[in-house]
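Chemist: Sharing a structure here in C-alpha coordinates format.
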Amino acid sequence: MGKTERKSGKISTKAVHVASKVPFSVTRPKVPPIFTTSVFTFDYLDQVDEVYEGKAKGYVYSRMSNPGVNLVEEAVASLENGEEAVAFSSGMAAIVSAILARVRAGDHIVASSVIYGGTYSFLRDEIPLRGVNVTFVDTNDLAAVKAAMRPETRILYCETISNPLMEVADLEGLSEIAHRHGAYLYVDNTFASPALCRPLEYGADVVLHSGTKYLNGHSDVTMGLAIIGQGSTGGTSAAELKTLASRIRSLASTYGSVPSPFDSWLLLRGIRTLPLRMERHSENAIKLASFLEAHPSVTAVYYPGLETSPYHHLAKKYLDGGFGGMLSFEVKGGLDGARKVIDSLRMAELVPSLAGVATTVSHPGKTSHRSIPLAEREKLGVGDGLIRVSVGIEDYEDIEKDFREALATL
Ligand SMILES: *Cc1c(COP(=O)(O)O)cnc(C)c1O
(Lines give C-alpha, C1' and ligand atoms only; values in the text may rest on other atoms or scores of the structure.)
Protein backbone atom coordinates (compact mmCIF):
# COMPACT_ATOMS: atom_id res chain seq x y z
CA MET A 1 0.00 0.00 0.00
CA GLY A 2 1.20 3.53 0.62
CA LYS A 3 0.55 6.74 -1.21
CA THR A 4 1.09 7.00 -4.94
CA GLU A 5 4.61 8.25 -5.50
CA ARG A 6 4.98 11.96 -6.11
CA LYS A 7 7.43 11.66 -8.95
CA SER A 8 5.85 14.34 -11.02
CA GLY A 9 5.85 17.32 -8.63
CA LYS A 10 8.05 20.39 -8.62
CA ILE A 11 11.65 20.14 -7.38
CA SER A 12 10.87 20.78 -3.67
CA THR A 13 8.25 18.05 -3.75
CA LYS A 14 10.55 15.60 -5.54
CA ALA A 15 13.45 16.37 -3.20
CA VAL A 16 11.29 15.43 -0.22
CA HIS A 17 9.36 12.47 -1.58
CA VAL A 18 11.56 10.72 -4.13
CA ALA A 19 14.48 10.85 -1.72
CA SER A 20 12.40 9.10 0.99
CA LYS A 21 11.35 6.11 -1.08
CA VAL A 22 11.75 2.68 0.54
CA PRO A 23 12.64 0.03 -2.08
CA PHE A 24 10.43 -3.05 -2.45
CA SER A 25 11.85 -6.55 -2.89
CA VAL A 26 10.51 -10.08 -2.41
CA THR A 27 13.97 -11.11 -1.19
CA ARG A 28 15.23 -9.77 2.12
CA PRO A 29 18.59 -8.32 3.13
CA LYS A 30 20.90 -10.94 4.69
CA VAL A 31 21.58 -8.68 7.67
CA PRO A 32 19.22 -6.13 9.17
CA PRO A 33 19.72 -2.63 7.80
CA ILE A 34 20.05 0.46 9.99
CA PHE A 35 16.56 1.75 10.68
CA THR A 36 17.43 5.44 10.71
CA THR A 37 13.91 6.74 10.88
CA SER A 38 12.46 8.81 13.68
CA VAL A 39 8.88 7.94 12.76
CA PHE A 40 6.77 5.39 10.84
CA THR A 41 3.95 6.00 8.38
CA PHE A 42 0.40 4.68 8.59
CA ASP A 43 -1.51 3.68 5.47
CA TYR A 44 -4.96 4.80 6.69
CA LEU A 45 -6.46 6.44 9.77
CA ASP A 46 -7.99 3.37 11.40
CA GLN A 47 -4.58 1.70 11.32
CA VAL A 48 -3.57 4.09 14.11
CA ASP A 49 -6.13 2.42 16.39
CA GLU A 50 -5.06 -1.05 15.25
CA VAL A 51 -1.40 -0.38 16.11
CA TYR A 52 -2.03 1.48 19.39
CA GLU A 53 -4.41 -1.28 20.54
CA GLY A 54 -1.92 -4.00 19.59
CA LYS A 55 -4.19 -5.58 16.95
CA ALA A 56 -1.55 -4.98 14.29
CA LYS A 57 2.21 -5.01 14.84
CA GLY A 58 3.61 -1.66 13.87
CA TYR A 59 6.20 0.84 14.97
CA VAL A 60 5.18 4.42 15.67
CA TYR A 61 8.03 6.62 16.86
CA SER A 62 11.67 5.72 17.49
CA ARG A 63 11.80 7.11 21.03
CA MET A 64 9.13 4.52 21.85
CA SER A 65 10.58 1.68 19.77
CA ASN A 66 12.67 1.04 16.69
CA PRO A 67 13.14 -2.26 14.81
CA GLY A 68 16.95 -2.19 14.98
CA VAL A 69 16.89 -1.41 18.70
CA ASN A 70 14.42 -4.26 19.25
CA LEU A 71 16.76 -6.65 17.44
CA VAL A 72 19.59 -5.85 19.88
CA GLU A 73 17.20 -6.23 22.81
CA GLU A 74 16.09 -9.64 21.57
CA ALA A 75 19.69 -10.77 21.02
CA VAL A 76 20.90 -9.72 24.47
CA ALA A 77 17.78 -11.08 26.23
CA SER A 78 18.44 -14.39 24.51
CA LEU A 79 22.16 -14.48 25.43
CA GLU A 80 21.34 -13.71 29.07
CA ASN A 81 18.44 -16.21 29.12
CA GLY A 82 16.13 -13.35 30.09
CA GLU A 83 12.50 -12.68 29.29
CA GLU A 84 13.01 -9.18 28.04
CA ALA A 85 15.73 -6.58 27.51
CA VAL A 86 15.44 -2.81 27.26
CA ALA A 87 18.17 -0.89 25.43
CA PHE A 88 19.46 2.53 26.51
CA SER A 89 21.79 5.23 25.25
CA SER A 90 24.49 4.20 27.79
CA GLY A 91 25.19 1.75 30.57
CA MET A 92 24.49 4.50 33.12
CA ALA A 93 21.10 5.25 31.53
CA ALA A 94 20.20 1.54 31.85
CA ILE A 95 21.37 1.37 35.49
CA VAL A 96 19.63 4.59 36.57
CA SER A 97 16.33 3.72 34.87
CA ALA A 98 16.27 0.13 36.13
CA ILE A 99 16.83 1.39 39.70
CA LEU A 100 14.27 4.21 39.45
CA ALA A 101 11.70 1.76 38.07
CA ARG A 102 11.84 -0.22 41.31
CA VAL A 103 11.99 2.36 44.13
CA ARG A 104 10.01 5.27 45.52
CA ALA A 105 10.43 7.61 48.51
CA GLY A 106 10.85 5.66 51.74
CA ASP A 107 12.45 2.64 50.04
CA HIS A 108 15.94 1.33 50.71
CA ILE A 109 18.74 -0.15 48.60
CA VAL A 110 21.66 -2.31 49.71
CA ALA A 111 24.62 -2.00 47.34
CA SER A 112 28.13 -3.32 47.12
CA SER A 113 30.67 -0.69 48.22
CA VAL A 114 32.90 -1.66 45.27
CA ILE A 115 30.92 -0.74 42.16
CA TYR A 116 31.38 1.30 38.99
CA GLY A 117 32.05 4.97 39.84
CA GLY A 118 29.01 6.32 38.00
CA THR A 119 26.70 3.88 39.75
CA TYR A 120 28.30 4.73 43.09
CA SER A 121 27.75 8.49 42.54
CA PHE A 122 24.13 7.93 41.54
CA LEU A 123 23.43 5.85 44.65
CA ARG A 124 25.39 8.11 47.01
CA ASP A 125 24.41 11.57 45.70
CA GLU A 126 21.32 11.38 43.49
CA ILE A 127 18.89 8.75 44.69
CA PRO A 128 18.82 10.08 48.31
CA LEU A 129 17.35 13.32 46.85
CA ARG A 130 14.28 11.24 45.99
CA GLY A 131 13.92 9.97 49.54
CA VAL A 132 15.54 6.58 48.89
CA ASN A 133 18.17 5.43 51.40
CA VAL A 134 21.22 3.41 50.44
CA THR A 135 23.49 1.23 52.56
CA PHE A 136 26.85 0.27 51.07
CA VAL A 137 28.24 -3.06 52.27
CA ASP A 138 31.00 -5.51 51.43
CA THR A 139 28.89 -7.94 49.39
CA ASN A 140 31.59 -10.62 49.82
CA ASP A 141 30.48 -10.76 53.46
CA LEU A 142 27.05 -12.40 53.33
CA ALA A 143 26.49 -11.86 57.08
CA ALA A 144 27.03 -8.11 56.59
CA VAL A 145 24.60 -8.14 53.65
CA LYS A 146 21.96 -9.92 55.76
CA ALA A 147 22.42 -7.39 58.56
CA ALA A 148 21.97 -4.47 56.14
CA MET A 149 18.62 -5.69 54.76
CA ARG A 150 15.48 -3.92 56.03
CA PRO A 151 11.75 -4.52 55.50
CA GLU A 152 11.74 -1.62 53.00
CA THR A 153 14.80 -2.87 51.03
CA ARG A 154 13.79 -3.18 47.38
CA ILE A 155 17.12 -3.81 45.63
CA LEU A 156 20.33 -5.66 46.44
CA TYR A 157 22.92 -4.40 43.93
CA CYS A 158 26.27 -5.92 42.92
CA GLU A 159 28.60 -6.60 39.97
CA THR A 160 29.54 -10.11 38.76
CA ILE A 161 33.23 -9.16 38.60
CA SER A 162 34.09 -5.92 40.36
CA ASN A 163 36.46 -3.16 39.35
CA PRO A 164 39.42 -2.88 39.78
CA LEU A 165 40.26 -5.89 41.99
CA MET A 166 38.16 -8.45 40.06
CA GLU A 167 36.25 -9.85 43.03
CA VAL A 168 33.60 -12.37 41.99
CA ALA A 169 30.16 -12.08 43.62
CA ASP A 170 28.46 -15.08 45.25
CA LEU A 171 25.32 -14.71 43.13
CA GLU A 172 23.37 -17.61 44.67
CA GLY A 173 24.09 -16.47 48.21
CA LEU A 174 23.09 -12.89 47.37
CA SER A 175 19.90 -13.85 45.51
CA GLU A 176 18.82 -16.03 48.41
CA ILE A 177 19.21 -13.10 50.83
CA ALA A 178 17.49 -10.65 48.46
CA HIS A 179 14.47 -12.87 47.89
CA ARG A 180 14.08 -13.78 51.55
CA HIS A 181 13.65 -10.04 52.20
CA GLY A 182 11.32 -9.42 49.24
CA ALA A 183 14.06 -7.50 47.40
CA TYR A 184 15.29 -7.99 43.83
CA LEU A 185 18.89 -8.84 43.00
CA TYR A 186 20.36 -6.45 40.39
CA VAL A 187 23.66 -7.56 38.84
CA ASP A 188 25.91 -5.47 36.60
CA ASN A 189 27.34 -8.19 34.32
CA THR A 190 29.50 -5.88 32.18
CA PHE A 191 32.91 -7.37 33.05
CA ALA A 192 31.87 -11.02 32.60
CA SER A 193 29.47 -10.67 29.65
CA PRO A 194 26.84 -13.36 28.99
CA ALA A 195 29.50 -15.42 27.22
CA LEU A 196 30.98 -16.25 30.65
CA CYS A 197 28.13 -15.76 33.12
CA ARG A 198 24.35 -15.44 33.02
CA PRO A 199 23.37 -14.12 36.47
CA LEU A 200 19.63 -14.77 35.91
CA GLU A 201 20.50 -18.49 36.06
CA TYR A 202 21.69 -17.96 39.65
CA GLY A 203 18.66 -16.05 40.81
CA ALA A 204 19.28 -12.45 39.71
CA ASP A 205 16.12 -10.59 38.69
CA VAL A 206 17.70 -7.79 36.66
CA VAL A 207 21.00 -7.84 34.75
CA LEU A 208 22.66 -4.62 33.62
CA HIS A 209 25.17 -4.00 30.89
CA SER A 210 27.32 -1.26 29.62
CA GLY A 211 27.03 -2.34 25.97
CA THR A 212 29.91 0.08 25.44
CA LYS A 213 32.23 -2.67 26.72
CA TYR A 214 32.39 -6.39 25.81
CA LEU A 215 28.97 -6.72 24.15
CA ASN A 216 30.17 -4.33 21.48
CA GLY A 217 33.88 -4.95 21.92
CA HIS A 218 35.22 -2.46 19.39
CA SER A 219 35.36 0.80 21.41
CA ASP A 220 33.03 2.59 18.99
CA VAL A 221 29.60 2.52 20.67
CA THR A 222 28.06 3.93 23.86
CA MET A 223 25.00 1.90 24.86
CA GLY A 224 23.42 0.05 27.76
CA LEU A 225 20.86 -2.66 28.47
CA ALA A 226 18.68 -3.85 31.31
CA ILE A 227 17.62 -7.50 31.09
CA ILE A 228 14.76 -8.79 33.17
CA GLY A 229 14.08 -12.48 33.74
CA GLN A 230 13.09 -15.13 36.19
CA GLY A 231 16.09 -17.37 35.68
CA SER A 232 16.03 -20.95 36.87
CA THR A 233 15.59 -20.35 40.59
CA GLY A 234 12.43 -18.30 40.13
CA GLY A 235 12.65 -16.22 43.32
CA THR A 236 10.40 -13.43 42.10
CA SER A 237 7.09 -14.07 40.33
CA ALA A 238 6.94 -13.79 36.54
CA ALA A 239 4.04 -11.33 36.80
CA GLU A 240 6.02 -8.99 39.09
CA LEU A 241 8.99 -9.06 36.74
CA LYS A 242 6.75 -8.35 33.74
CA THR A 243 5.47 -5.24 35.53
CA LEU A 244 9.03 -4.17 36.29
CA ALA A 245 10.08 -4.71 32.66
CA SER A 246 7.28 -2.55 31.31
CA ARG A 247 8.08 0.17 33.84
CA ILE A 248 11.77 0.14 32.82
CA ARG A 249 10.70 0.35 29.17
CA SER A 250 8.37 3.23 29.85
CA LEU A 251 11.14 5.14 31.70
CA ALA A 252 13.44 4.74 28.67
CA SER A 253 10.83 6.50 26.58
CA THR A 254 9.81 9.08 29.22
CA TYR A 255 13.40 10.15 29.96
CA GLY A 256 14.25 9.73 26.30
CA SER A 257 17.46 7.83 27.07
CA VAL A 258 17.12 5.53 24.05
CA PRO A 259 19.99 4.44 21.80
CA SER A 260 20.43 5.58 18.22
CA PRO A 261 19.65 3.21 15.34
CA PHE A 262 23.28 3.37 14.21
CA ASP A 263 24.71 2.45 17.63
CA SER A 264 22.17 -0.38 17.87
CA TRP A 265 23.28 -1.69 14.50
CA LEU A 266 26.95 -1.57 15.53
CA LEU A 267 26.18 -3.34 18.80
CA LEU A 268 24.33 -6.11 16.97
CA ARG A 269 27.35 -6.50 14.74
CA GLY A 270 29.68 -6.70 17.75
CA ILE A 271 27.54 -9.29 19.53
CA ARG A 272 27.98 -11.82 16.72
CA THR A 273 31.60 -12.37 17.76
CA LEU A 274 31.17 -11.98 21.54
CA PRO A 275 31.75 -15.66 22.53
CA LEU A 276 34.75 -15.91 20.22
CA ARG A 277 36.25 -12.69 21.57
CA MET A 278 35.68 -13.67 25.21
CA GLU A 279 37.41 -16.98 24.61
CA ARG A 280 40.52 -15.20 23.30
CA HIS A 281 40.39 -12.40 25.92
CA SER A 282 40.29 -15.09 28.62
CA GLU A 283 43.08 -17.20 27.10
CA ASN A 284 45.37 -14.19 26.83
CA ALA A 285 44.46 -12.85 30.28
CA ILE A 286 45.26 -16.05 32.19
CA LYS A 287 48.64 -16.22 30.46
CA LEU A 288 49.43 -12.57 31.19
CA ALA A 289 48.24 -12.95 34.82
CA SER A 290 50.57 -15.95 35.31
CA PHE A 291 53.46 -14.08 33.70
CA LEU A 292 52.91 -11.02 35.93
CA GLU A 293 52.52 -13.14 39.05
CA ALA A 294 56.00 -14.58 38.52
CA HIS A 295 57.60 -11.19 37.75
CA PRO A 296 59.96 -9.79 40.44
CA SER A 297 58.74 -6.18 39.97
CA VAL A 298 55.08 -7.10 40.49
CA THR A 299 53.84 -7.28 44.08
CA ALA A 300 50.24 -8.42 43.46
CA VAL A 301 48.05 -9.68 40.62
CA TYR A 302 44.24 -9.60 40.77
CA TYR A 303 42.67 -12.10 38.38
CA PRO A 304 39.99 -14.64 39.38
CA GLY A 305 41.44 -17.23 37.00
CA LEU A 306 44.59 -17.56 39.13
CA GLU A 307 44.50 -20.42 41.61
CA THR A 308 45.99 -18.05 44.18
CA SER A 309 42.98 -15.69 43.88
CA PRO A 310 40.67 -15.77 46.91
CA TYR A 311 37.80 -15.63 44.38
CA HIS A 312 38.95 -18.60 42.31
CA HIS A 313 36.34 -20.99 43.77
CA LEU A 314 33.52 -18.51 43.03
CA ALA A 315 34.94 -17.86 39.56
CA LYS A 316 34.97 -21.60 38.83
CA LYS A 317 31.37 -21.85 40.00
CA TYR A 318 29.91 -18.84 38.17
CA LEU A 319 32.16 -18.23 35.15
CA ASP A 320 31.96 -20.70 32.36
CA GLY A 321 34.46 -20.95 29.51
CA GLY A 322 37.07 -18.52 30.83
CA PHE A 323 37.75 -15.95 33.51
CA GLY A 324 37.45 -12.82 31.38
CA GLY A 325 39.86 -10.27 29.98
CA MET A 326 40.21 -7.91 32.94
CA LEU A 327 43.07 -8.03 35.43
CA SER A 328 44.95 -5.63 37.67
CA PHE A 329 48.46 -5.71 39.04
CA GLU A 330 50.52 -3.72 41.50
CA VAL A 331 54.06 -2.71 40.62
CA LYS A 332 56.91 -1.83 42.97
CA GLY A 333 57.54 1.88 43.44
CA GLY A 334 53.99 3.23 43.74
CA LEU A 335 53.08 6.09 41.40
CA ASP A 336 56.61 6.37 39.95
CA GLY A 337 56.63 2.66 39.16
CA ALA A 338 53.19 2.74 37.56
CA ARG A 339 54.11 5.84 35.53
CA LYS A 340 57.28 4.20 34.25
CA VAL A 341 55.49 1.02 33.19
CA ILE A 342 52.48 2.75 31.61
CA ASP A 343 54.62 5.27 29.71
CA SER A 344 56.96 2.51 28.48
CA LEU A 345 54.25 0.29 27.02
CA ARG A 346 54.53 0.45 23.24
CA MET A 347 51.40 -1.41 22.14
CA ALA A 348 48.95 -1.11 25.05
CA GLU A 349 47.49 2.40 25.11
CA LEU A 350 46.38 4.32 28.20
CA VAL A 351 42.58 4.33 27.92
CA PRO A 352 40.10 5.01 30.74
CA SER A 353 37.69 2.34 29.47
CA LEU A 354 37.90 -1.35 28.65
CA ALA A 355 36.80 -4.39 26.70
CA GLY A 356 37.91 -3.49 23.20
CA VAL A 357 39.77 -5.88 20.89
CA ALA A 358 43.03 -4.03 21.63
CA THR A 359 44.96 -4.39 24.90
CA THR A 360 44.69 -1.19 26.95
CA VAL A 361 45.71 -0.11 30.43
CA SER A 362 44.25 2.32 32.94
CA HIS A 363 45.28 3.72 36.31
CA PRO A 364 42.36 3.35 38.76
CA GLY A 365 43.94 5.78 41.26
CA LYS A 366 43.88 8.56 38.67
CA THR A 367 40.50 7.70 37.12
CA SER A 368 37.71 5.64 38.75
CA HIS A 369 39.06 6.11 42.30
CA ARG A 370 40.43 9.64 41.82
CA SER A 371 38.10 11.24 44.39
CA ILE A 372 39.20 8.90 47.21
CA PRO A 373 42.28 10.04 49.21
CA LEU A 374 45.38 7.84 48.81
CA ALA A 375 45.42 6.52 52.39
CA GLU A 376 41.81 5.36 52.05
CA ARG A 377 42.40 3.96 48.59
CA GLU A 378 45.37 1.95 49.83
CA LYS A 379 43.12 0.33 52.43
CA LEU A 380 40.77 -0.70 49.61
CA GLY A 381 43.72 -2.18 47.72
CA VAL A 382 43.75 0.58 45.10
CA GLY A 383 47.18 2.10 45.68
CA ASP A 384 49.11 4.29 43.25
CA GLY A 385 51.08 1.32 41.92
CA LEU A 386 47.93 -0.42 40.68
CA ILE A 387 47.55 -0.81 36.90
CA ARG A 388 44.41 -2.26 35.35
CA VAL A 389 44.70 -4.16 32.07
CA SER A 390 41.96 -4.86 29.57
CA VAL A 391 43.66 -7.76 27.81
CA GLY A 392 42.93 -7.73 24.08
CA ILE A 393 42.68 -10.42 21.44
CA GLU A 394 46.09 -9.81 19.82
CA ASP A 395 48.70 -12.56 19.53
CA TYR A 396 49.68 -13.38 23.13
CA GLU A 397 53.43 -13.23 22.49
CA ASP A 398 53.16 -9.59 21.46
CA ILE A 399 51.17 -8.70 24.57
CA GLU A 400 53.67 -10.37 26.90
CA LYS A 401 56.62 -8.75 25.12
CA ASP A 402 55.07 -5.31 25.63
CA PHE A 403 54.65 -5.84 29.39
CA ARG A 404 58.00 -7.61 29.80
CA GLU A 405 59.86 -4.72 28.20
CA ALA A 406 57.88 -2.06 30.09
CA LEU A 407 58.50 -3.83 33.43
CA ALA A 408 62.21 -4.09 32.62
CA THR A 409 62.47 -0.29 32.92
CA LEU A 410 61.82 -0.50 36.67
C1 LIG B 1 31.44 1.40 31.82
C2 LIG B 1 30.64 0.77 32.90
C3 LIG B 1 29.37 1.26 33.25
C4 LIG B 1 28.77 2.49 32.62
O5 LIG B 1 28.49 2.31 31.28
P6 LIG B 1 28.48 3.52 30.21
O7 LIG B 1 28.15 2.84 28.94
O8 LIG B 1 29.82 4.17 30.25
O9 LIG B 1 27.40 4.47 30.67
C10 LIG B 1 28.66 0.57 34.22
N11 LIG B 1 29.17 -0.52 34.83
C12 LIG B 1 30.39 -1.01 34.53
C13 LIG B 1 30.89 -2.22 35.25
C14 LIG B 1 31.17 -0.39 33.56
O15 LIG B 1 32.39 -0.87 33.27
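The values are calculated or read from the model by the stated rules, or taken from the named source; none is laboratory data. None of the values given here were measured: they were computed from a predicted structure. Cβ atoms come from the backbone with ideal geometry, glycine included; neighbour counts cover every protein chain shown. Calculation scope for accessible area: heavy atoms of the full protein, side chains included, ligands and nucleic acids excluded. Shrake-Rupley method; radii C 1.70, N 1.55, O 1.52, S 1.80 Å.
Chemist: Provide the per-residue ³J(HN,Hα) series for segment 161-171, in order, calculated from phi with Karplus coefficients 6.51, -1.76, 1.60 and θ = phi - 60°, each as a whole number of Hz, with x at glycine and proline positions.
Modeler: Working through the residues one at a time gives 10, 8, 10, x, 9, 6, 7, 9, 7, 7, 4 Hz.
Chemist: Give the ranking of Ser250, Ser97 by solvent-accessible surface, highest area first, calculated with a 1.4 Å probe.
Modeler: On the way: Ser250 55, Ser97 5 Å².
So the residues, ranked largest to smallest area, are Ser250, Ser97.
Chemist: I need two numbers for segment 49-154: Rg to one decimal and Dmax as a whole number, Cα atoms only, in Å.
Modeler: 17.8, 54
Chemist: While we're here: When Rg is the radius of gyration of the Cα atoms in the chain and Rh is its Kirkwood radius, what does Rg/Rh come to? Walk me through the intermediate numbers first.
Modeler: Values: Rg = 23.5 Å, Rh = 22.8 Å.
Ratio of gyration radius to Kirkwood radius: 1.03.
Chemist: How much accessible area per residue does segment 232-305 have, in Å², with a 1.4 Å probe? Don't jump to the answer; show the numbers that get you there.
Modeler: Working: 3450 Å² over 74 residues.
Each residue of segment 232-305 exposes 47 Å² on average to a 1.4 Å probe.
Chemist: Once label points are set 7 Å from the Cα along Cα→Cβ at both Ser8 and Arg63, what is their separation, rounded to one decimal in nm?
Modeler: Each label point lies 7 Å from its Cα, and together they span 3.9 nm.
Chemist: Next question, about the same structure. Putting +1 on Lys and Arg Cβ atoms and -1 on Asp and Glu Cβ atoms, find which of Gly325, Gly337, Leu354 reaches farthest to the positive end of the dipole of segment 317-373.
Modeler: Gly337
Chemist: Evaluate the distance, in nm, between pseudo-label points positioned 7 Å from the Cα of Asp220 and of Ser121 along their respective Cα→Cβ axes.
Modeler: 2.8 nm
Chemist: Here's a follow-up. Can you work out the accessible area per residue across segment 63-183, with the rest of the protein chains kept in place, probe 1.4 Å, in square angstrom? Don't skip to the end; give the middle numbers.
Modeler: Numbers: 4450 Å² over 121 residues.
Heavy-atom accessible area per residue stands at 37 Å².
Chemist: Sticking with this one: Which percent, to the nearest 5, of DSSP beta bridges fully inside segment 171-260 are antiparallel? It would help to have the intermediate numbers written out before the result.
Modeler: Working: 5 of 8 bridges.
Percent antiparallel among DSSP bridges in segment 171-260 is about 60.
Chemist: Binning at 5 angstrom from zero up to the longest distance, how are the C-alpha pair distances of segment 276-410 distributed in percent?
Modeler: 2, 11, 21, 24, 21, 14, 6, 1, 0
Chemist: Number of Lys pairs in segment 2-65 with C-alpha atoms less than 21 angstrom apart, excluding same-chain neighbours closer than eight positions? List each step's numbers first, then the result.
Modeler: Values: Lys3/Lys14; Lys3/Lys21; Lys3/Lys57; Lys7/Lys21; Lys10/Lys21; Lys21/Lys30.
So the count of such lysine pairs works out to 6.
Chemist: Per residue, how much accessible area does segment 341-395 have with a 1.4 Å probe, in Å²?
Modeler: Details: 2590 Å² over 55 residues.
Here the per-residue accessible area is 47 Å².
Chemist: Let me ask you something else. Determine ³J(HN,Hα), in whole Hz, for all residues of segment 304-317 in sequence, where each value follows from phi through the Karplus function 6.51 cos²θ - 1.76 cosθ + 1.60 and θ = phi - 60°; x replaces Gly and Pro.
Modeler: x, x, 6, 5, 7, 6, x, 9, 4, 5, 5, 4, 5, 6
Chemist: Determine the shape class of segment 310-381: with a ≥ b ≥ c the square roots of the Cα gyration tensor eigenvalues, call it rounded for a/c under 1.5, and otherwise prolate if a/b is greater than b/c, oblate otherwise.
Modeler: On the way: a/c = 2.04, a/b = 1.28, b/c = 1.60.
Because a/c hits 1.5 or more and a/b fails to exceed b/c, segment 310-381 counts as oblate.
Chemist: Can you work out ³J(HN,Hα) from phi for every residue in segment 380-387, in order, using Karplus 6.51 cos²θ - 1.76 cosθ + 1.60 and θ = phi - 60°, giving whole Hz and x for Gly and Pro?
Modeler: Whole-Hz 3J(HN,Hα) from phi for segment 380-387: 6, x, 10, x, 6, x, 7, 10.
Chemist: Moving on. Can you pull the three principal axis extents for the Cα set of segment 75-120, in Å, largest first?
Modeler: Extents along the principal axes, in whole Å: 34, 22, 20.
Chemist: Let me ask something else about it. By how many nm would the segment from Asp320 to Arg404 lengthen if fully extended, with 0.36 nm per residue of separation less the alpha-carbon distance?
Modeler: Values: separation 84, 0.36 × 84 = 30.24 nm, distance 2.93 nm.
Working it through step by step, the gained length comes to 27.3 nm.
Chemist: Next question. Would you pull out the residues with amide H under 5 Å of Ser89's amide H, same chain only if 5 or more places away, H placed 1.01 Å from N?
Modeler: Residues meeting the criterion, in which the H sits 1.01 Å from N, are Gly224, Val258.
Chemist: Once the piece of chain linking Leu129 and Thr27 is laid out straight, how much longer is it, given 0.36 nm per residue of separation minus the C-alpha distance between them?
Modeler: Values: separation 102, 0.36 × 102 = 36.72 nm, distance 5.40 nm.
Full-extension gain reported as 31.3 nm.
Chemist: Antiparallel versus total DSSP beta bridges in the chain: what percent is that, nearest 5? Intermediate results must be reported in sequence, preceding the final value.
Modeler: Working: 24 of 43 bridges.
Percentage antiparallel, nearest 5: 55.
Chemist: Given R₀ = 25 Å, what would the calculated FRET efficiency be for Arg247 paired with Glu152, taking r from the Cβ atoms and rounding to 0.05? Before the final figure, lay out each step's value.
Modeler: On the way: r = 18 Å, r/R0 = 0.74.
Given R0 = 25 Å and the Cβ-Cβ separation, E is 0.85.
Chemist: Once neighbouring chains are kept in place and the probe is 1.4 Å, which whole percent of the accessible area of segment 1-121 is contributed by carbon and sulfur? Walk me through the numbers before you get to the answer.
Modeler: On the way: 4280 of 7670 Å².
Of all accessible area on segment 1-121, carbon and sulfur atoms account for 56 percent.
Chemist: Further question: Quick check: convex hull of the Cα atoms in segment 161-280, volume per residue, rounded to a whole Å³? Can you show the working numbers first?
Modeler: Working: hull volume 14.6 nm³, N = 120.
Residue-normalised Cα hull volume stands at 121 Å³.
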